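Chemist: Once you've had a glance at the structure underneath, I'll fire off some questions.
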Amino acid sequence: GDSVTQMEGPVTLSEEAFLTINCTYTATGYPSLFWYVQYPGEGLQLLLKATKADDKGSNKGFEATYRKETTSFHLEKGSVQVSDSAVYFCAPKAGRRALTFGSGTRLQVQP
Amino acid sequence: DAGVTQSPTHLIKTRGQQVTLRCSPKSGHDTVSWYQQALGQGPQFIFQYYEEEERQRGNFPDRFSGHQFPNYSSELNVNALLLGDSALYLCASSVDPGGSNTEAFFGQGTRLTVV
């Protein structure tokens, strides 16, 4: 079945630091790729997505590029803020199959 | 638009009891998926409902069952509760179950504690 490997957290950064959260996936077929974010005590919110190879998804300063050759979808942000502290989930979705989530990466941004 | 709404937000049940969780999808959405998220883990897919039928199912025992109503709202039922069923249960709605690029919108979840 589909699977996701994310870098283990927590990732602790100072405000305005550069962020990278690695994500690699395995999926049969040609999946779309999603990043979801979960703030404390809340459900998941879609952060960004990419639907085909070399597509770049972006939102709120976050970016991720669909790399089919390396089956990766790493999340980046040039300057993080305290308000970005949350858990981030990478998830492929192929055809009719449901989203497959990894264990998530907790980001802690310190002032 | 109220988005995806789930009820209740929290509940506590005793081992062996049965529980029903409810979900109203985002306006215009016809597909509902349920996920279980244990503490510190990612969401695990339970099942998906479309046109009042279970279309897909994850690796969960038959104690987990569901229903979708004509207005697209859905229920998740868990029988014979175990301590290990304690988790955040998330409902997600979407428009088309067939497309890989379909966006899923999540509710705030129901926190179930089994004692």
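The values are calculated or read from the model by the stated rules, or taken from the named source; none is laboratory data. Because the structure is a prediction, the values reported are computed rather than measured. As a convention, Cβ positions derive from the backbone with ideal geometry for all residues, glycine included, and neighbour counts pool all protein chains shown.
Chemist: I'd like the full set of residues that are free of Cβ contacts under 8 Å to residues at least 60 places away in the same chain, of a type in the set (Lys, Arg) and within 13 Å of chain B (Cβ to nearest Cβ), limited to the range A:67-111.
Modeler: A:Arg96, the sole residue that qualifies.
Chemist: Quick one: in the range A:97-111, of everything that is of a type in the set (Val, Ile, Thr) and in a strand (DSSP E or B), which residue is surrounded by the fewest Cβ atoms within 10 Å (Cβ to Cβ)?
Modeler: Step one: filter the range A:97-111 for residues of a type in the set (Val, Ile, Thr), giving A:100, A:105, A:109.
From what is left, the residues that are in a strand (DSSP E or B) are A:105, A:109.
On the way: A:Thr105: 21, A:Val109: 19.
The selected residue is A:Val109.
Chemist: Identify all residues within the range B:8-63 that are in a loop (DSSP other than H, G, I, E, B), of a type in the set (A, V, I, L, M, F, W, C) and within 11 Å of chain A (Cβ to nearest Cβ); write none if there are none.
Modeler: Passing the criteria: only B:Ala38.
Chemist: Kindly establish whether B:Leu11 is aliphatic (A, V, I, L, M), at pLDDT 95 or above and closer than 16 Å to B:Asp85 by Cα.
Modeler: Against the criterion (aliphatic (A, V, I, L, M), at pLDDT 95 or above and closer than 16 Å to B:Asp85 by Cα), B:Leu11 qualifies.
Chemist: Just name the residue that is farthest from the chain's Cα centre (by Cα) out of those in the range A:1-24 that are among the hydroxyl-bearing types (Ser, Thr, Tyr) and at pLDDT 95 or above.
Modeler: Here is the first cut: in the range A:1-24, the ones among the hydroxyl-bearing types (Ser, Thr, Tyr) are A:3, A:5, A:12, A:14, A:20, A:24.
Subsequent filtering for residues that are at pLDDT 95 or above retains A:12, A:14, A:20, A:24.
On the way: A:Thr12: 16, A:Ser14: 19, A:Thr20: 9, A:Thr24: 10 Å.
Once the filter is applied, the top-ranked residue is A:Ser14.
Chemist: For B:Ala80, indicate whether it is surrounded by 14 or more Cβ atoms within 10 Å (Cβ to Cβ) and touching a residue at least 60 places away in the same chain (Cβ under 8 Å).
Modeler: no
Chemist: With the requirement that a residue be in a loop (DSSP other than H, G, I, E, B) and among the aliphatic types (A, V, I, L, M), what does the range A:57-96 give you?
Modeler: Those that are in a loop (DSSP other than H, G, I, E, B) and among the aliphatic types (A, V, I, L, M): A:Val80, A:Ala94.
Chemist: When the residues of the range B:75-115 are narrowed to those that are part of a strand (DSSP E or B) and charged (D, E, K, R), which ends up farthest from the other protein chains (Cβ to nearest Cβ)? If you could, list the steps in order and put the result at the bottom.
Modeler: The initial filter retains those residues of the range B:75-115 that are part of a strand (DSSP E or B), namely B:75-78, B:87-94, B:105-106, B:110-114.
Adding the requirement that they be charged (D, E, K, R) leaves B:75, B:111.
On the way: B:Glu75: 18, B:Arg111: 9 Å.
Among residues in the range B:75-115 that are part of a strand (DSSP E or B) and charged (D, E, K, R), the one farthest from the other protein chains (Cβ to nearest Cβ) is B:Glu75.
Chemist: When the residues of the range B:64-74 are narrowed to those that are under 22 Å from B:Ala2 (Cα atoms) and among the small types (Gly, Ala, Ser), which ends up farthest from the other protein chains (Cβ to nearest Cβ)?
Modeler: B:Ser73
Chemist: So, in the range A:16-59, exactly how many residues are over 27 Å from B:Tyr89 (Cβ atoms) and away from chain B (no Cβ under 14 Å)?
Modeler: 10
Chemist: While we're looking at this one, here's another question. Name the single residue that is farthest from A:Tyr88 (Cα to Cα) among those in the range A:26-65 being among the aromatic types (Phe, Trp, Tyr) and over 11 Å from the mean Cα position of the chain (by Cα). Break it down into steps so the answer makes sense when it comes.
Modeler: So in the range A:26-65, the residues among the aromatic types (Phe, Trp, Tyr) come out as A:30, A:34-36, A:39, A:62.
Remaining after also requiring over 11 Å from the mean Cα position of the chain (by Cα): A:30, A:39.
Working: A:Tyr30: 22, A:Tyr39: 9 Å.
Ranking the candidates gives A:Tyr30 first.
Chemist: Sticking with this one: Inside the range A:77-111, can you point out the residues that are at pLDDT 95 or above, closer than 21 Å to A:Thr5 by Cα and β-branched (Val, Ile, Thr)?
Modeler: Residues satisfying the conditions are A:Val87, A:Thr105.
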